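Asker: Handing you this structure, nothing more for now.
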Amino acid sequence: MREHALKRPEPGKWQSAVLAAGMHLLLGLFLFYSVRWQTSKPAAVQVELISSMPTVEAPVRLPPPPEPVVEKRPEPVVEPPPPPPPPKPDIAFKEPPKPKPVPKVEPKPEPKPEPKPKPEPKPVEKKPDVKPPPDMRREIEAQDRMFKEAMARESAEQAKREASREADLIAQAAAEGARRNAASAWGDKISAKIRSNIVLPPGATGNPEALVAIALLPDGSVVGEPRMKRSTGNPALDDAILRAIVKSSPLPKPDDPSVFVRNLDLVFRPLGQ
Amino acid sequence: MNLSEDLSIISLIMNASLLVKLVMALLIGISFMSWYWIFRKSFAIRGARSRTDKFELEFWSGGDLNALFQSAANDRHNAGGMERIFEAGYREFIKLRGRQNIDTATAVDGARRAMRATYQREVDELESHLAFLASTGSVSPYIGLFGTVWGIMNAFRGLSNVGQATLAQVAPGIAEALVATAIGLFAAIPAVVAYNRFAHDIDRISIRWESFMEEFSNILQRQGPGKAQ
């Protein structure tokens, strides 16, 4: 008797194992597809807001007068301005077009320095080349002009100019192939624009950080309300940031349209350095 | 550049601390085993019930006991619980009845004891591994809770370095930790439901077997004196 108690068939051993595995697979799939809370964000561009307004720097540096125009127009138009403030802006753009703009703006002196930058596109190396006396003179001239222009323009525009100059520098790197840099250049542009619009509330201290999600149209305008995903902890500061974003709409477009994403996460450190 | 947290279930599991991961792995293992036994037991119980139905029908349709006994003895491996009980009882009865100095009452008693032994063996077989389901149901939520408590402790410990504590800084850690509890519950709930269901089903089947034993004893008792001499 005991024999058949032991020998009895075990029904559905493998079947059960397969069914159990299938059960868990189902459960896993269900979890995977139903529990993605915030997976759909394409990219987060970090933007830092700095408490000191950058207006001071604008006059000192030599960004070309036409620069403000640059921001609004496509890249080719931007090229003419860069020549005066040596190679940096030039390098930001593609090399072939360079010769054309240079003759237009500053006929004789420019051609000589320009060829040098081409072979070695990196900004660091160019600076030494640019420094020689002829450039200095040009620089001074440019500075004078700049001052006049700067006086004429509003301070916000100066900030923009500054930002675009920086963005151009970074875009330089992007031209070398890194699309990421293009994205960060765009981030800098956005940062500069918002930076110029923020009005800091009194009494804010520390180095709080805020994370704000915004949705963009392709033309750069902000759709709907920006959403505060992580507060700074100071409601007044949060409001200031949100207001600055709304006020900054439309935000600048990226130089490289492929960088554009609809949903951005902006990180603000409005009081940071 | 990537301050946005990705809260998909995969990243939640991947970001958990080692201990929490171990807890999750353990729970997934337990959950797998409990589902395995849920399926096996449900097959076994369904099989036992359908065989009992079939045998009861055969038995009460008034067939010859000897023929039934032959077919049960020849087809041992496919026999259901009730069939085995019948076979054990009848075999013992025949053996005892063949002896000279044994009366019917004693033979029926012997048959009854044999049936009881087989009955217990069969019920034990059906009930095996139910205890596993029961302990899965009661213990795995605690295991999951342990993982969660540990994960939340870590989340708060990480917070001590931050000047300003916001909900957003703790939330991912807590979400991570809670996954452990979720897995524990996923393992426990089906196990508890299945345990209760199976225990009830097995009770009903064993009651049927028991009443069959009584009825069959009566039949043996009735038939005994006639055939014994």
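Quick note: the coordinates plus some simple rules give every number you see, no bench work behind them. Note that the coordinates shown come from a computational prediction; the quantities given were computed from them, not determined experimentally. Backbone-built Cβ (ideal geometry, glycine too); neighbour counts: all protein chains shown.
Asker: Using helices alone, I'd like the mean residue ellipticity at 222 nm for chain B: each DSSP H run of four-plus residues gives -39500 (n - 2.57), total over residue count, nearest 500.
Answerer: Details: 7 runs with 194 residues, N = 229.
Here the helix-only value at 222 nm equals -30500 deg cm²/dmol.
Asker: Related question: So what J values fall out for the stretch B:31-36 if you push phi through Karplus, 6.51 cos²θ - 1.76 cosθ + 1.60 with θ = phi - 60°, rounded to Hz, Gly and Pro as x?
Answerer: Values, residue by residue: 4, 4, 4, 5, 5, 4 Hz.
Asker: Among B:TRP37, B:TRP209, B:TRP150, which one shows the biggest mean-square fluctuation in a GNM of chain B, springs joining Cα atoms closer than 10 Å?
Answerer: Between B:TRP37, B:TRP209, B:TRP150, it is B:TRP150 that shows the largest mean-square fluctuation.
Asker: Efficiency by 1/(1 + (r/R0)^6): what FRET value for A:VAL246 and A:ALA152, r their Cβ-Cβ distance, R0 = 41 Å, to the nearest 0.05?
Answerer: Details: r = 28 Å, r/R0 = 0.68.
So the FRET efficiency works out to roughly 0.90.
Asker: Among B:THR104, B:THR118, which comes first, second and so on when ranked by fewest other beta-carbon atoms within 10 Å? Please report the intermediate quantities before stating the final value.
Answerer: Details: B:THR104 20, B:THR118 24.
The order, fewest Cβ neighbours first, is B:THR104, B:THR118.
Asker: Can you tell me how much longer the chain between B:LEU19 and B:VAL193 gets when fully stretched, taken as 0.36 nm per residue apart minus their C-alpha distance, in nm with one decimal? List each step's numbers first, then the result.
Answerer: Values: separation 174, 0.36 × 174 = 62.64 nm, distance 2.88 nm.
Taking B:LEU19 through B:VAL193 to full extension adds about 59.8 nm, to one decimal.
Asker: In addition: Residues with amide H under 5 Å of A:LEU266's amide H, sequence separation 5 or more or different chain, H placed in the peptide plane at 1.01 Å from N; which?
Answerer: Excluding prolines and chain starts, which carry no amide H, the hits are A:VAL212, A:ALA213, A:ILE214.
Asker: Local charge sum around B:MET213 (other residues, Cβ-Cβ under 12 Å, Lys/Arg +1, Asp/Glu -1)?
Answerer: On the way: positive: B:ARG84, B:ARG112, B:ARG113, B:ARG116, B:ARG208; negative: B:GLU122, B:GLU210, B:GLU214, B:GLU215.
Spelling it out: positives minus negatives among the neighbours equals +1.
Asker: Cut-off 15 Å, label point 7 angstrom out along Cα-to-Cβ of B:LEU185: give me the residues of the stretch B:139-173 whose amide nitrogen falls inside.
Answerer: B:140-149
Asker: Fewest Cβ neighbours within 10 Å first, please rank B:THR148, B:THR166 accordingly. Before the final figure, lay out the partial values.
Answerer: Values: B:THR148 22, B:THR166 17.
Ordered by Cβ neighbours within 10 Å, fewest first: B:THR166, B:THR148.
Asker: Kindly put A:VAL199, A:VAL222, B:VAL23 in sequence by how many other C-beta atoms sit within 10 Å of each C-beta, fewest to most.
Answerer: Numbers: A:VAL199 9, A:VAL222 18, B:VAL23 26.
Sorted ascending by nearby Cβ count, the order is A:VAL199, A:VAL222, B:VAL23.
Asker: Can you tell me, using C-alpha contacts under 8 Å and at least 6 residues apart, the relative contact order of chain B as a whole percent?
Answerer: On the way: 227 pairs, mean separation 73.8, N = 229.
With pairs under 8 Å counted, the relative contact order is 32 percent.
Asker: Sticking with this structure for a sec: Go ahead and run the numbers for FRET between B:GLN223 and B:LEU130, Cβ-Cβ distance against an R0 of 41 Å, rounding to 0.05. Could you put the intermediate results ahead of the total?
Answerer: Numbers: r = 37 Å, r/R0 = 0.91.
Efficiency, from the Cβ-Cβ distance: 0.65.
Asker: Using the Karplus curve 6.51 cos²θ - 1.76 cosθ + 1.60 with θ = phi - 60°, work out ³J(HN,Hα) for each residue of the stretch B:206-211 in order, rounded to whole Hz, and write x for Gly and Pro.
Answerer: Those phi angles translate into 5, 5, 4, 5, 4, 5 Hz.
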